[in-house]
Amino acid sequence: MTEQDKNSLKVGILFSAIFFLILIFLLRVTFISIYKPDHFISRVISHTDLALRGKIITKDNYIVAENKKIYSVAVIKKYINQNKKDLLINLLSIYTNTPKQVLLHRLNDTNTSRVVLLKHIPYNIKKNLSYLSTVLTIKKVFIPSKSKIIYGLDIYEEPSKRYYPFHDRFEPALGYVKYNDKHQKIGIGIEKYYDEILKPRQNGYSKGYRDVQNHIIYDNNAIIKKRVDGDNLHLNINLVLQGKIENILDTLKPQMKAKELLAVVMDSKTGHIISIATSNRFHPMHIRPNEVSNLKISHIQYSYEPGSVMKPITLAMLLEHKKVNILEVLNAHNGVFHFKRHFTIYDDESFKWLNVIQAVIHSSNIVFAQLGLRLTPEEFRNGLLNFGFYKRSGIDLPYEYKGVLFSLRGFQSEIHRASNAFGYAMQVNLIQLLKAYNSFNNDGIMITPKIGEFYGNTPIIPQKKQVISPATAQTVLNILRQVVLQGTAKATNIPGLFIAGKTGTAKINKNGQYIKGLYNSTFVGFVNDNKHKYTIAVLTIKPDPHRFFASQTSVVIFRKIVETMIEMNILKPNKQN
């Protein structure tokens, strides 16, 4: 064998030895990763601290939605000292109020070596269990592994759950969040709208060397990342008032035989919604099949023909264009006006002549049909758009319907303009009406309604827009005051308070036909004391066909809400009046 052959052989043997050693190393790593024998344990351990979704807090400091940390507790059966098994069970039962039989049954599970003894443990009990884990180690309830590591109580965090301590209060506007093993499901309402604000930012994380009790040693080698929770959201909602109004709606709904009752209370100057209530609610943690329809937020998702509540809007547009004198007298046609062939307009009261103020007080469709025609198609449609109709209101709730409004071409029709003038041939939602009406009680400034007040250090500021002049707003407001003093809303009048507003009772159209006995009844009004101004909108959907007028339904609800606000000192009547 030549010298070159000998060198080649040596190199081959060397490479074979290296390859063999690498193969042994890889096999050992694979074996360890699969079987993880007791005597081969990493000195480094890590823990994750799951971040929480932010809380939702009302103006009166009630937490209406929050996430709570929950934990589970597991043990490895082979490390339990069998002579002290009873001590383990007894102490766990005492600390967690779990029956011993339940713990024993779980511990005797033969299908796994690692047993989960406790689930969904709240944070306050978890802290006690952390102390108990130390006690159990001292009492030698657990046997050390071959590496001298003590595997005691394994207390680990589970994904948190969303809690709603007031059950169906403030639903469906509050909304809901549901969690499963893989992901969270964001529902509706405030929870959905402010999801980016509320959702967790960053999980906490810690990593370091372990001590003999299997805990991280927090020295200079440890890696620590703090958790960052979602922001807390603070609301304008007064939860006590909210509950009282919901109770009013719950009581009156069966009496009025209505499908649903809605009410909203807003601060006229700030746009802050202090209550948004419905008779049709649900418990977000236990939604029953018959409550699925209640997930709809009818304040923004129920569009309807509003009826006579649109007359003050029409009047305001006429005043802005200087096309009406409130004292001028118009023909009221004794309650029956054959406007066009196959189109007759009726009034509930019969009058020969009415001036404009009287037409509002007595809610004359006939007079307002004539007034509406004074506006050009462009003036009429643009005026309604300027008041926010056929646009989403901007309230901080998702999935709002913007309603129905004909195109400019549709406004060329005199029948269409006449119908719009007294609240037909168009559809709105209750929040749009609230927003538009509020300008009458706010010097002509329309303000975006807001449920949220602030999150973190960020205020939620409603947008403002001057839609009519202060003079027009005051003129309409004064006339709406007369509706309360002399007209269809007399039942709302309370001494010591300035109350004004307008009723509207409208038939419901189904498949192009108005159905006998089906009505929606609306009242939008204002209540002011010496320091505060509020706009309140109430809608009664499909009340008893024998008592369907707004004066018999929504007006009654409005008064009860005002009386409740007086009882709570939110409103203070002037005793001198």
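Read-outs throughout are calculated quantities, based only on the coordinates presented, and are distinct from any laboratory measurement. Just so you know, these numbers come straight off a predicted model, no measurement behind them. Note: ideal-geometry Cβ built from the backbone for every residue, glycine included; neighbour counts use all protein chains shown.
Pull out the extension gain between K323 and H167, defined as 0.36 nm times the separation in residues minus the alpha carbon to alpha carbon distance; nm, one decimal.
Numbers: separation 156, 0.36 × 156 = 56.16 nm, distance 5.23 nm.
Value of the extension gain: 50.9 nm.
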### Task
Name the long-range amide H neighbours of A222: under 5 Å, sequence gap of 5 or more, or other chain; modelled H, no Pro or chain starts.
none
### Task
Return the distance in nm (one decimal) between the two label points of a simple spin-label model at Q412 and A222, each offset 7 Å from Cα along Cα→Cβ.
7.8
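Taking the Cα centre of the stretch 45-235 as origin, work out the dipole magnitude from +1 charges on Lys and Arg Cβ and -1 charges on Asp and Glu Cβ, in debye rounded to 20.
Working: 33 positive and 18 negative charges, 142 e Å.
Roughly 680 debye, rounded to the nearest 20.
Could you grab the relative contact order for the stretch 45-235? Cα pairs under 8 Å, six or more apart, rounded to a whole percent. Don't skip to the answer; put the middle values down first.
Details: 348 pairs, mean separation 64.9, N = 191.
Relative contact order of the stretch 45-235: 34 percent.
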### Summary
The extension gain from D250 to D348, computed as 0.36 nm times the residue separation minus the Cα-Cα distance, is 32.3 nm
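If each residue's Cβ is checked for other Cβ atoms within 10 Å, how do S72, S521, S279 rank with the fewest at the top?
Details: S72 16, S521 29, S279 23.
Ranked by crowding around the Cβ, least crowded first: S72, S279, S521.
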### Message
Less than 12 Å from a label point 7 Å out along the Cα-to-Cβ axis of T458: which backbone N atoms in the stretch 132-176 qualify, by residue?
### Response
none
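Pull out the extension gain between I94 and K575, defined as 0.36 nm times the separation in residues minus the alpha carbon to alpha carbon distance; nm, one decimal. Kindly include the intermediate steps, with their values, before the conclusion.
Details: separation 481, 0.36 × 481 = 173.16 nm, distance 6.11 nm.
Length gained, I94 through K575: 167.0 nm.
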### Summary
The exposure ranking of S293, S308, fewest beta-carbon neighbours within 10 Å first, is S293, S308
### Relative contact order of the chain, pairs being alpha-carbon contacts under 8 Å that are 6 or more residues apart, as %
13
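What shape does the stretch 45-235 take by its C-alpha gyration tensor, where a ≥ b ≥ c are the square roots of the eigenvalues and a/c under 1.5 counts as rounded, a/b above b/c as prolate, and the rest as oblate?
Numbers: a/c = 2.70, a/b = 1.75, b/c = 1.54.
Verdict is prolate for the stretch 45-235.
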#### Entry: Amide H within-cut-off set for E260, under 5 Å, with H built and near neighbours excluded
I541
### Summary
Among (1) -0.58, -0.77; (2) -0.70, -0.99; (3) -0.40, -0.66, the entry matching log10 I(q)/I(0) by the Debye sum over Cα atoms at q = 0.07, 0.09 Å⁻¹ as calculated here is (1)
### Task
Would you calculate the separation in nanometres between label points at N108 and Y401, each defined as 7 Å from the Cα along the Cα-to-beta-carbon direction?
6.0
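If you wrap a convex hull around the Cα atoms of the stretch 431-543, how much volume per residue is inside, in Å³? Please report the intermediate quantities before stating the final value.
Values: hull volume 18.0 nm³, N = 113.
Value for the stretch 431-543: 159 Å³ per residue.
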### Message
If I require 15 Å or longer along the helix axis, counting alpha carbons, and a Kyte-Doolittle average no lower than 0.5, what helices from the chain are left? Use full DSSP H segments.
### Response
3-35, 85-96, 470-486, 554-567
### Message
Quick check on the exposure proxy: order S160, S275, S413 from fewest to most C-beta atoms within 10 angstrom.
### Response
S413, S160, S275
